[in-house]
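> I am attaching a structure below and will ask some questions about it afterwards.
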Amino acid sequence: MARLHNLGFPRIGAHRELKFAQESYWKGESSAESLQLTASTLRKRNLTLQNDLGLDWIPVGDFSLYDQVLDTSFLLGHLPRRFRHEQDIPTLDQYFRVARGRSRQGAPVAAGEMTKWFDTNYHYIVPEFEADTRFTLNAEKLLNEAQEAADLGIPFKPVVLGPLSYLFLGKEKDNGINKLDLLDQLLPIYAALLARLSEAGAQWVQLDEPILALDLDATWQRAFQQAYSTLAESSEALPRILLATYFGALQDNLPLALGLPVQGLHLDAVRGKSEVPHALAEWPNDKVLSLGVIDGRNIWRTDLNDVLSWLEPIHAQLGERLWVAPSCSLLHVPVTLNDENQLDPELKSWLSFAEQKLQELALLGRALNEGRAAVQAELDANAEVINSRRTSDRVTRTTVQQRLQGLTKSLFERQSPYVVRAELQRERFRLPAYPTTTIGSFPQTPDIRQARRRLRAGEIDSVTYEQEMKTQITLAVREQEDYELDVLVHGEAERNDMVEYFGEQLDGYAFTRFGWVQSYGSRCVKPPFIYGDVARPQAMTVAWSAFAQSLTDKPMKGMLTGPITMLQWAFVRDDQPRQVTAQQIALALRDEVEDLEAAGIGMIQVDEPAFREGLPLRRGDWAHYLAWSVQAFRLSTAGVRDDTQIHTHMCYSEFNDIMAAIADLDADVITIETSRSDMELLDAFNDFAYPNEIGPGVYDIHSPNEPAVERMVKLMQLAAERIPAERLWVNPDCGLKTRQWDEVRHALRNMVEAAKQLRVGTAQPTFDQGADLRQETTA
Ligand code: GLN
Ligand code: ZN
């Protein structure tokens, strides 16, 4: 009998119940009890759902009121120093204070840093390690959740982030400390925790060690060996340990993982499928192998017959030592398809969210354990759906395919190199030194939101809506002229979201109503899904941009979302390589870029905030990703004339390791974030002569504080030490949509003033020396 289990279930609730409960608690509108009640209702619902599907082991401890890594910090009794003396604040508020910098009690404080969970769109609170970091076991939450399951008679399996991954994901805050030195202190806590869980009736505990799917150096590999041996020897009465790895193949960590003294090992058999035969060849006789065969990172139905053909021989080999599961926690997919009653039925039939994935798992289990014949009808139905997706003419578009076939090298190249273009652009736009601009969006005011809501509700028609948007655009243009900005934007009033706006207008994209996925805390995103060849039936932004340009003599930047971001922030089809989908999007955007140009828009910004986050987890895979993603960007932008200026924007500047790729995008201008680090992030430019123009964000738009002129001048001077002044732009570090007009007004006036001060004594850039500028940065 193969066993079935799950690694984790989404906690937000099918209708984001958790989000609304959290936010209402934070606002002081409801009590802690009511938040906890929502939480326990959600947990019980999830437990019951999984139990009813017949899973053998159901995860507990996968629920969180904010983040599971923060939960682990609390479990280990480890708070950052600045919170340690706040004994009078209730634990729940303490918890939210670390998460958000504030809760219902206590003065505001710096929140824990948040960062991306591997290559997902989930963000966790980074553990902070300090010289005086100490751990104490604080297992109440986990034990309570185990008890909840036990009370329902549900076979539970506690899930805990493993000690190595916990340390790895944290940050050393004090000089001279090494987080691996904390392992000796941490292991007794884990040992005590395992013993407690065993007492509480846990037969298995899932220790998540996803870092085994990363490049680990020998020190970390040795630490794994040492840690798990120590745990194994710590007590007789331990539960069995299932070591869970996910998000990729283990590669050179595989022998290490196989040799660890644990009773079971979970492998991601979606991303790491090709590695499974190697693992099986070495499989120890006494170990459970859990195979994650259902994709926990995507929303497509599984080809169950295909998976079965692959699993059956493994089942024959391992018998009940084979466990079957999703590839990773289902946290990264939406909760259920059940309520998607507005979704096209055919598209819906191709999808599988968390609940449906577990149904697929249950079906696999029956087919393995009772034989395919017992579930033949269901397997046939699955085959039919898989086939319908494979053969649907909604997926394949001949025109798109033909265009892809016909791609030639020249489509990826601007007509002339940057130095030539820059000269032509200078003549065309006649900008002052240190030209000022913004990143694209202006405040999304209540008026704007209301107009959108009313259009959707059918309370106003599209003509009225359009009028309202034009009013907003006019307002944004007048404001910018008032501040004397040099390059204007239309303000993006008509866009709810930078991906959704384009996805809704492109063929091949579709949207769900409730397909929410947790991004962090109470924040959820609803990524579109790309099911078919992407094409642009008609221009998407041209009318808005042309209208905005008609209002002013200053250059108006066209504003598009780039191919990698359009890909990265969606669920992507899995029936062709990602780079092919990226090329299709790039072609659609290329047409838009060319239409904007034809409509007289001389500057076009193609945003790529998700460019860096698309980097694969393994360094060995970087070059391939960077090659195709750079090509996709170039394909979307290279079709313009030399005197059309291509901008791009990325909301970070941790470029050190991908500098060459950034330069390779060959955008004429890139705007990035740097103000929070006092331009230190620009140090990357010391070693690499970035060849084109750059706008290092001079103030942090995430803060409501008014940026001071002097500080911005100073920051630009620091920038000018690294990059020739002739190629510098002055701009905020990201879009302004989350700010108030009042804040924007003060900030941008100051920013323009800073640019004016910088210009005093600055000679006009002489671009005929352009070729020499390349050397200047290395000098
Ligand atoms: N143009 C977008 C804006 O200004 C860019 C947003 C982003 O970088 N995420 O909002
Ligand atoms: Zn940004």
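The values are calculated or read from the model by the stated rules, or taken from the named source; none is laboratory data. What you are looking at is a predicted structure, and each value in this text was computed from that prediction instead of being measured. Quick reminder, even Gly has a Cβ in these numbers, built from the backbone with ideal geometry, and neighbours come from all protein chains shown. These area figures cover heavy atoms from the full protein model, side chains too; ligands, DNA and RNA do not enter into them. Shrake-Rupley method; radii C 1.70, N 1.55, O 1.52, S 1.80 Å.
> Here are 676, 739: which of them is under 29 Å from the mean Cα position of the chain (by Cα), within 16 Å of ligand 1 (Cβ to nearest atom) and in a helix (DSSP H, G or I)? It would help to see each step written out before you state the result.
Values: 739 fails: in a helix (DSSP H, G or I).
Checking each option against the conditions leaves just 676.
> Counting only residues that are surrounded by fewer than 22 Cβ atoms within 10 Å (Cβ to Cβ) and assigned to a loop (DSSP other than H, G, I, E, B), how many does segment 693-713 have?
7
> Further question: Which pairs turn up if I take residues in segment 646-657 that are at pLDDT 85 or above and look for partners that are within 11 Å of ligand 2 (Cβ to nearest atom) and among the charged types (D, E, K, R) with beta carbon separation below 6 Å, at least 6 apart in sequence or on another chain?
Taking only residues 6 or more apart or on different chains, the pairs are 648/608; 649/607; 650/608; 651/673.
> If the requirement is being away from ligand 1 (no atom under 16 Å from the Cβ) and buried (at least 17 other Cβ atoms within 10 Å of the Cβ), which of these qualifies: 412, 442?
412
> Out of 120, 133, which single residue is part of a loop (DSSP other than H, G, I, E, B), under 23 Å from residue 46 (Cβ atoms) and touching a helix residue (DSSP H, G or I) at 6+ places or on another chain (Cβ under 7 Å)?
Numbers: 133 fails: under 23 Å from residue 46 (Cβ atoms).
On inspection, the qualifying residue turns out to be 120.
> Of the residues 680, 673, only one is under 26 Å from residue 619 (Cβ atoms) and free of Cβ contacts under 8 Å to residues at least 12 places away in the same chain; which? Working first, answer last.
Working: 673 fails: free of Cβ contacts under 8 Å to residues at least 12 places away in the same chain.
After ruling out the rest, the residue left standing is 680.
> Out of 589, 567, 617, which single residue is within 24 Å of residue 660 (Cα to Cα), surrounded by fewer than 21 Cβ atoms within 10 Å (Cβ to Cβ) and more than 16 Å from ligand 2 (Cβ to nearest atom)?
Working: 589 fails: surrounded by fewer than 21 Cβ atoms within 10 Å (Cβ to Cβ); 567 fails: surrounded by fewer than 21 Cβ atoms within 10 Å (Cβ to Cβ).
Just one listed residue meets the conditions, 617.
> Then there is this: Name the strands (runs of 3 or more DSSP E) wholly within segment 519-623 that hold at least 3 residues that are within 21 Å of residue 397 (Cβ to Cβ)?
Details: elements: 523-525, 529-535, 557-561, 603-607.
Strands (runs of 3 or more DSSP E) meeting the threshold: 529-535.
> Mind listing just one residue for me: the one in segment 410-450 that is within 18 Å of residue 636 (Cβ to Cβ), part of a loop (DSSP other than H, G, I, E, B) and of a type outside the set (S, T, N, Q) and, of those, nearest to ligand 2 (Cβ to nearest atom)?
440
A quick yes/no check of all residues on (1) of a type in the set (Lys, Arg); (2) buried (at least 23 other Cβ atoms within 10 Å of the Cβ); (3) touching a residue at least 60 places away in the same chain (Cβ under 8 Å):
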site: 59; (1), (2), (3): no, yes, yes
site: 76; (1), (2), (3): no, yes, yes
site: 85; (1), (2), (3): no, no, no
site: 122; (1), (2), (3): no, no, yes
site: 155; (1), (2), (3): no, no, yes
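> Given 643, 657, which one is open to solvent by 30 Å² or more (accessible area, probe 1.4 Å), over 18 Å from residue 731 (Cα atoms), assigned to a loop (DSSP other than H, G, I, E, B) and away from ligand 1 (no atom under 16 Å from the Cβ)?
Numbers: 657 fails: assigned to a loop (DSSP other than H, G, I, E, B).
The unique qualifying residue is 643.
> Taking the conditions exactly as written (among the hydroxyl-bearing types (Ser, Thr, Tyr), surrounded by 17 or more Cβ atoms within 10 Å (Cβ to Cβ) and at negative phi), does residue 388 satisfy them or not? Give the steps one after another, and end with the answer.
Numbers: among the hydroxyl-bearing types (Ser, Thr, Tyr): yes; surrounded by 17 or more Cβ atoms within 10 Å (Cβ to Cβ): no; at negative phi: yes.
No; evaluated as a whole, the condition is false for this residue.
> Taking only segment 184-226 into account, find how many residues are in contact with a Lys or Arg (Cβ under 6 Å, 6 or more places away or on another chain) and either outside any strand (DSSP E or B) or under 20 Å from residue 69 (Cα atoms) (or both). Walk me through it before giving the result.
Residues of segment 184-226 that are in contact with a Lys or Arg (Cβ under 6 Å, 6 or more places away or on another chain), as a first pass: 204, 206, 215.
Subset that is either outside any strand (DSSP E or B) or under 20 Å from residue 69 (Cα atoms) (or both): 206, 215.
Residues that pass the stated criteria total 2.
> Within segment 72-98, count every residue that is within 17 Å of residue 171 (Cα to Cα) and among the polar types (S, T, N, Q). Break it down into steps so the answer makes sense when it comes.
Initial filter on segment 72-98 (within 17 Å of residue 171 (Cα to Cα)): 72-74, 76-83, 98.
Applying the additional criterion that residues be among the polar types (S, T, N, Q) yields 72-73.
Residues in segment 72-98 being within 17 Å of residue 171 (Cα to Cα) and among the polar types (S, T, N, Q): 2 in total.
> If a residue must be part of a loop (DSSP other than H, G, I, E, B) and surrounded by fewer than 22 Cβ atoms within 10 Å (Cβ to Cβ), how many such residues does segment 227-248 contain? Quick ask: steps written out before the conclusion?
In the first step, residues of segment 227-248 are kept if they are part of a loop (DSSP other than H, G, I, E, B); the result is 234-239, 245-248.
Keeping just the survivors that are surrounded by fewer than 22 Cβ atoms within 10 Å (Cβ to Cβ) gives 234-239.
Within segment 227-248, residues that are part of a loop (DSSP other than H, G, I, E, B) and surrounded by fewer than 22 Cβ atoms within 10 Å (Cβ to Cβ) number 6.
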